[in-house]
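Novice: Sharing a structure, written as structure tokens. Questions coming.
The values are calculated or read from the model by the stated rules, or taken from the named source; none is laboratory data. Remember, predicted model here, so these are calculated numbers, not experimental data. Note: ideal-geometry Cβ built from the backbone for every residue, glycine included; neighbour counts use all protein chains shown. We work out accessible area using only protein heavy atoms, side chains counted, and drop any ligands, DNA or RNA first. Shrake-Rupley method; radii C 1.70, N 1.55, O 1.52, S 1.80 Å.
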Amino acid sequence: MDNIKRVLSFTRRAVDDYQMIRPGDKIAVGISGGKDSLTLLCALAELRRFYPVPFEVVAITIDMGFAEPMVLTEVAKLCEQLDVPYHVVKTEIYKIIFEVRKESSPCSLCAKMRRGALHNAAKELGCNVVALGHHFDDVVDTFMLNLFFEGRIGCFQPVTYLSRKDITLIRPMIYMPEKDVRYFASRAELPVVKSTCPADGNTERAEMQKLLTGLERTYPGLRYRIFGAIQRGEIDGFHQPSKGRMPGEKDYAQEEQN
């Protein structure tokens, strides 16, 4: 994993800026099998080796019970290589949503049930923190989705404490653009598992990603400006980074000058 240093530059900066990790934390990484969660797993497994605050990492996959099961053999091998315990929790979420309730818009309920299963599994394994693989583009996409479809200014938080579960959610990749995630996943040959969900790719989020990508062709750096507005507005726990520009924004600023 020769490009893990760039991944760490993003993740460590976010972890430091938002004080995401405390001494003795046992962190559960939610592994969907996608590039984002696998990149996060690699980042935290590597960070664990030298970060001044000691912490543990475990990996959890919520098996949704799809008609076509996900093959997770290579993911398990990666976890073994990283010396990270791996747990697969079987559920009937697919059956409940698609067969029992027959939801026409299943994504919201599915996400809620999946989160609940992940939090329960984390607590059962003695974890007090759950790390999620949301990246820089997810921050911007979520903000714009809330604006367009709900008419409100808001986003998920970098750090969220769930008092009912006594568990903290952290998102260490909020500074890392998706293009860097894709690059790392490709170079590191991560065992990405394609989702077998019948609604995969057919979502409002996918449409928003297409819209923003199109707008960025006309207005380069648009996502950075939106992200900067979220920080300056201190929306939902975001704030301006303590050391000036965040990683990646500097790259864009240099491109603008050239």
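Novice: What whole-number value in cubic angstrom gives the convex hull volume per residue for the C-alpha atoms of segment 96-208?
Specialist: That works out to 150 Å³ per residue.
Novice: Continuing with the same structure: Treat every Asp and Glu Cβ in the chain as -1 and every Lys and Arg Cβ as +1, leave all other atoms uncharged, and give the resulting dipole magnitude about the Cα centre to the nearest 20 debye. Display every interim value, and only then the final one.
Specialist: Details: 35 positive and 34 negative charges, 67 e Å.
Dipole of the chain, to the nearest 20 debye: 320 debye.
Novice: What is the Cα coordinate range of segment 127-190 on the first, second and third principal axes, sorted by size from largest, in whole angstrom?
Specialist: Principal axes ranked by extent give 39, 35, 15 Å for the Cα atoms.
Novice: Also: Sorting check: for 7-17, 221-231, which peptide has the highest mean count of neighbouring beta carbons within 10 Å, and how do the rest follow?
Specialist: On the way: 7-17: 21.2, 221-231: 17.5.
Result, highest mean first: 7-17, 221-231.
Novice: If you don't mind, another one. Taking the Cα of residue 123, stepping 7 Å toward and past its beta carbon, and measuring to each backbone N in segment 47-76: which are under 20 Å?
Specialist: From segment 47-76, the list is 58-63.
Novice: Something else now. Not counting ligands, DNA or RNA, and with a 1.4 Å probe, what is residue 56's accessible surface area in Å² rounded to the nearest 10?
Specialist: 100
Novice: Based on the Cα atoms of the chain, what semi-axes does the equivalent ellipsoid have, where each is the square root of 5 times one gyration tensor eigenvalue, given in whole Å with the largest first? Show your work: numbers first, answer last.
Specialist: Working: eigenvalues 149, 111, 68 Å².
The equivalent ellipsoid of the chain has semi-axes of 27, 24, 18 Å.
Novice: Just the accessible area for residue 42, please: 1.4 Å probe, Å², rounded to the nearest 10?
Specialist: 0
Novice: Something else about it: To check you understand DSSP bridge types, tell me what percent of the beta bridges within the chain (both residues inside) are antiparallel, rounded to 5.
Specialist: Numbers: 4 of 21 bridges.
If I count the DSSP bridges inside the chain, around 20 percent turn out antiparallel.
Novice: While we're looking at this one, here's another question. For residue 58, list long-range residues whose amide hydrogen, built 1.01 Å from N in the peptide plane, is under 5 Å from its own amide hydrogen.
Specialist: 27, 28, 29
Novice: Suppose the chain between residue 73 and residue 216 were pulled fully straight at 0.36 nm per residue; how much longer would it get relative to their current alpha carbon spacing?
Specialist: Between residue 73 and residue 216, full extension yields an extra 47.7 nm.
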